[in-house]
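Colleague: To start, I am sharing the structure in question, which I have written as structure tokens.
Derivation of every value follows stated rules applied to the coordinates shown; laboratory data play no part. Remember, it's a predicted structure, so these values are computed and weren't measured experimentally. Glycine also receives a Cβ, built like all others from the backbone with ideal geometry; neighbour counts cover every protein chain displayed.
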Amino acid sequence: MAKVVVMGAGVSGHTAVTFLKKWLGNEHEVIVVTPNSKWNWIPSNIWVGVGQMTKKDVTFDLAPVYQKAGIDYRQAKAVSIHPEGGKDSDQPYITIEYTDPSKEGTTEEVAYDYLINATGPKLNFGATEGLGPDGGHTVSVCTADHATHANEELRKLMDRMRKGEHVKILIGTGHGMCTCQGAAFEYIFNIEHELRQAGLRDKATITWISNESFLGDFGIGGLHIKRGGYAASSKLFAESLFAERDVSWIIGAHVTKVEEGKAHYELLDGDTGVEEFDFSMLIPPFAGVGLKAYAKDGSDMTDTLFAPNGLMKVDADYTPKPYEEWKAADWPRTYQNPTYKNIFATGIAFAPPHLISKPMKSPNGTPINPTPPRTGMPSGIIGKTVAQSIVDMINGAAEPTHHASMAEMGAACVASTGKGLFNGTAAALTVYPVVPDFEKYPGLGRDLDYTFGEIGLAGHWIKHILHHMFLWKAKLKPGWALIPE
Amino acid sequence: MAENKHTEHVHHIDPYSPEFETMVPTGMVKFFRTCVIWQFIRFVIINIKMLVVVQKSHH
């Protein structure tokens, strides 16, 4: 009997563990370790952040779902990995610390035959002084609780506006190396939409600030969409929307410090500035969750398994090379750790070989460039793919049998620009492949036949339907496995 | 005085500002964005396109 342990129950981890159980049945043991008691459909958090949904709408309790599926659920955070076993045994194991209130603080060793690291990101608010809702001066929409708080602050702001006050709103990224520009994009335009619906739009100056070198980069170097016989850059469409909705922009920015009502930043050209605000949501940079790894003799071998940013090394080409030498083949395909063949990392937890966007820095040497996004669709596909490989390896395969490179995979994304059954809009787009392949698609890096985008009510309907669909799937309701990642 | 219904919704744009240098939708484009009948047709087409990309992405 094999024991498969999955650390993390986000989009990628939950996908992996549920398919593992479905395919392995009761013959093998499937264990999930996550510090959270609830699953969160993160793409809808921006709607919680503007009061269009509540935390209850975007989360559900994990325990009953896992119990029904026969998955061993440990509400705990993973602390360390021991891939060679310990003093008394060669059996690999992880150590966990319970966050379950009934056992809070208790530690335990969990043995494994196969391990998936799907721990996702640490929201690194600490990387920028004054960033974040806990002790900082900005709100967040990264978690359902953060988004609930963001909406409360937004409502207070709107009360001030109703009394005649003109306010400044600043939304974007809170560090030069952030990803997730898409979430900030959704939030800024949902706020703009809500203010218009409330008749308060003229009481707000709304500004975007991000680390992108051009609007529409989104961490993937932008994309091109066919329009009127042309392949038009996402820069054109992004700037168009900003111009249309009277949202100004500051780009190529690394936010260095946030004080009460002020965000200090440095630009790619070395200039510095201060942007005042009455309300601000700035995405934090991501890092690994801080897992450690130890050899059999107890010595620290964290840097064998993990990159300096805390994300796990997989089958990517990590050879340092300039942007001009990057290739699609640098990107991982099986997500297997190169040193320990029974360890995999999926979703945001794997270490990318390099950025997707071109690296840039200011004359002071400050890196100001988006880091690679791993959105829901790639994260889910990678989780399922690794589950398939592990099942085959349990059944005798020597190597992973399935692959899912982001350079051979597309992403379908829907970015809300305002919620409303008949007056909402969203940008529905696909990009193929996620990581551009300039050898296969010279010039633009992507297949124009499978890369498209448009804004409209249809996109909003799609996003709302996907909300319900993926919650249905995650709750393992009838037909869940038929819904594609 | 000539009226320009195509761009009255972007009256906030100042000449030679960054917003002046990009493209903005005309009133017709904005209308079709929330025209229910047209958007229902787009809903069907977008879903088909997305499903094709999803299918192409699963190996």
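Colleague: For the pair A:Lys341/B:Val52, report the inter-label distance in nm, with labels modelled 7 Å from Cα in the Cβ direction.
Modeller: 4.0
Colleague: Relative contact order, percent, of chain A when contacts are C-alpha pairs under 8 Å separated by at least 6 residues?
Modeller: Details: 1150 pairs, mean separation 81.4, N = 485.
Reported relative contact order: 17 percent.
Colleague: Short version: ³J(HN,Hα) in whole Hz for each residue of region A:432-443, in order, from phi by Karplus 6.51 cos²θ - 1.76 cosθ + 1.60 (θ = phi - 60°), x for Gly and Pro, what are they?
Modeller: For region A:432-443, the Karplus curve yields 9, x, 4, 8, x, 10, 6, 7, 7, 10, x, x Hz.
Colleague: Do any of A:Lys38/A:Lys477; A:Lys163/A:Lys203; A:Lys168/A:Lys419 go past 18 Å between their Cα atoms, and which?
Modeller: Numbers: A:Lys38/A:Lys477 16 Å; A:Lys163/A:Lys203 10 Å; A:Lys168/A:Lys419 22 Å.
Listed pairs above 18 Å: A:Lys168/A:Lys419.
Colleague: To continue, here is another question. Under the rule of at least 5 residues apart or a separate chain, name every residue whose amide H is placed under 5 Å from the amide H of A:Val167.
Modeller: A:Ala204, A:Thr205
Colleague: Still on this model: Could you give me the ³J(HN,Hα) list for region A:216-222, computed from phi with Karplus coefficients 6.51, -1.76, 1.60 and θ = phi - 60°, whole Hz, x at Gly and Pro?
Modeller: x, 5, 6, x, 10, x, x
Colleague: Given H placed 1.01 Å from N in the peptide plane, which residues other than close sequence neighbours of A:Met301 have an amide H under 5 Å from its amide H?
Modeller: For A:Met301, the qualifying residues are A:Ala293, A:Tyr294, A:Ala295.
Colleague: Moving on to the next point. Under a point spin-label approximation (7 Å from Cα along Cα-to-Cβ), what is the A:Asp303-A:Asp271 distance to one decimal in nm?
Modeller: About 4.0 nm, to one decimal.
Colleague: From the square roots a ≥ b ≥ c of the eigenvalues of the alpha-carbon gyration tensor of region A:373-469, which class results: rounded (a/c under 1.5), prolate (a/b over b/c), or oblate?
Modeller: Working: a/c = 4.27, a/b = 1.56, b/c = 2.74.
Oblate is the answer for region A:373-469, as a/c is 1.5 or above yet b/c matches or exceeds a/b.
Colleague: Per DSSP H run of at least 4 residues, take -39500 (n - 2.57); add these up for chain A, divide by its residues and hand me the 222 nm value, nearest 500 deg cm²/dmol. Let's see the in-between values first.
Modeller: On the way: 10 runs with 118 residues, N = 485.
Computed ellipticity for chain A at 222 nm equals -7500 deg cm²/dmol.
Colleague: For region A:24-162, give me the percentage of DSSP beta bridges that are antiparallel, rounded to the nearest 5 percent. Mind showing how you got there, number by number?
Modeller: Working: 14 of 18 bridges.
Counting only bridges with both partners in region A:24-162, antiparallel ones make up about 80 percent.
Colleague: Something else: Cut-off under 13 Å on the C-alpha distance; same-chain residues fewer than 8 positions from A:Lys55 excluded. Which aspartates and glutamates are left, in chain and number order?
Modeller: A:Asp145, A:Glu152
Colleague: Pull up all non-local amide H partners of A:Ala345: gap of 5 or more, or a different chain, and H-to-H distance under 5 Å with H placed in the peptide plane.
Modeller: So A:Ala345 has HN proximity to A:Asn117, A:Asn337.
Colleague: Please report the Cα spread of the protein assembly as shown along all three principal axes, rounded to whole Å, starting with the longest.
Modeller: 88, 47, 47
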